[in-house]
Amino acid sequence: MTASPLAELPADQVLKTVRTYRQGPLLTVELHLPEEGNAVGDAMLDDLLTVLDHQDPGVRVLVLSAAGDAFCLGGDRREFPQHLDADPTGDGIRVSGKKALRVCEALTANPAVTVARVQGRAIGAGVGLLLACDLRVGVDTATFRLPELALGVPPAWGGLLPRLISEVGVARVRELILTARVFDAQEALALSVLHKVVPADALDDAVMAWAKPVLRRPASAVRVTKAMLQSLAAPTRLADVSLFDPELLTAVLTGQRAAGAAR
């Protein structure tokens with residue numbers, strides 16, 4: 001387990017599934033559902049939106065971290081049948097999917113520089129969350145997986161697929177998606193899923209090695225530069241169909257439920 005340096009700090013904000021820690025212009029947002037591997041459900045999406053939608057403009061660096069052994073074990077799949085039981089048309093899944101898009105876009109378009117601090121496993125939606133961050137560092141024992149096809153659903157969560165293709169390249173993404181295999185931190189580094197790989201005891205030093213120079217730069221220059229980088233990357237995502245993610249996931253799951261009922 002990679003111990004969080006936040007353990008001895010008072011939390012700035014304690015929500016059901018997320019905690020925040022403010023240190024001047026640096027804000028750490030910690031996924032805090034360790035007993036469930038920080039699986040992303042509606043409650044966590046709501047908590048992340050609460051934090052990101054009301055972020056203090058004085059925040060210059062935002063670190064996305066996670067409590068426990070895993071960064072994030074993906075979406076909370078227990079909620080899919082619950083949503084379908086409540087509404088067979090899948091409206092609950094559709095609403096949840098739209099929240100996921102809002103969270104990931106709020107990280108990507110954040111005026112602060114966002115840093116993903118990754119330990120343990122990052123699966124599915126967990127990969128989507130870290131890819132939404134500007135910079136990503138992981139421990140050398142971290143592992144990654146995109147298991148959606150193996151679970152019978154498309155990779156339609158939070159704009160994961162277009163972001164992955166933009167960062168990694170379509171040929172390599174095709175292999176990762178179709179095989180749903182596990183890949184390690186060194187391969188994640190080679191694929192640009194991570195920017196840096198370090199031993200567990202160097203994880204927080206690596207985060208601060210990025211944060212400190214950013215905090216020294218003029219805020220307006222950093223903000224404009226980040227916007228420029230996003231704009232220049234946009235042509236690689238001209239066919240970005242992220243807005244369809246909620247509809248695609250809903251269509252597949254409601255179809256599977258209907259097919260099962262017809263048997």
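The values are calculated or read from the model by the stated rules, or taken from the named source; none is laboratory data. Here the structure is a predicted model, which is why all the values come from computation and not from measurement. When we count neighbours, we look across all protein chains shown, and the Cβ atoms used for this are built from the backbone with ideal geometry, even at glycine. Just so you know, the surface numbers come from the protein's heavy atoms only, side chains and all, with ligands and any DNA or RNA stripped out. Shrake-Rupley method; radii C 1.70, N 1.55, O 1.52, S 1.80 Å.
Tabulated data
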| quantity | calculated |
| --- | --- |
| Positions within region 1-22 being part of a strand (DSSP E or B) and modelled with pLDDT of 95 or more, in sequence order | Val18, Arg19, Thr20, Tyr21, Arg22 |
| Residue that is least open to solvent (accessible area, probe 1.4 Å), among those in region 180-211 that are of a type in the set (Val, Ile, Thr) and either outside any helix (DSSP H, G or I) or farther than 13 Å from Val118 by Cβ (or both) | Val193 |
| Within region 27-56, considering residues that are without any contact (Cβ under 8 Å) to a residue 40 or more places away in the chain and part of a helix (DSSP H, G or I), the one surrounded by the most Cβ atoms within 10 Å (Cβ to Cβ) | Met44 |
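Let's see how each residue does on (1) out of contact with any Asp or Glu (no Cβ under 6 Å at 6 or more places or on another chain); (2) in a helix (DSSP H, G or I):
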residue	(1), (2)
Val103	yes, yes
Pro111	yes, no
Thr114	no, no
Arg117	yes, no
Gly126	yes, yes
Leu130	yes, yes
Cys133	yes, no
Thr141	yes, no
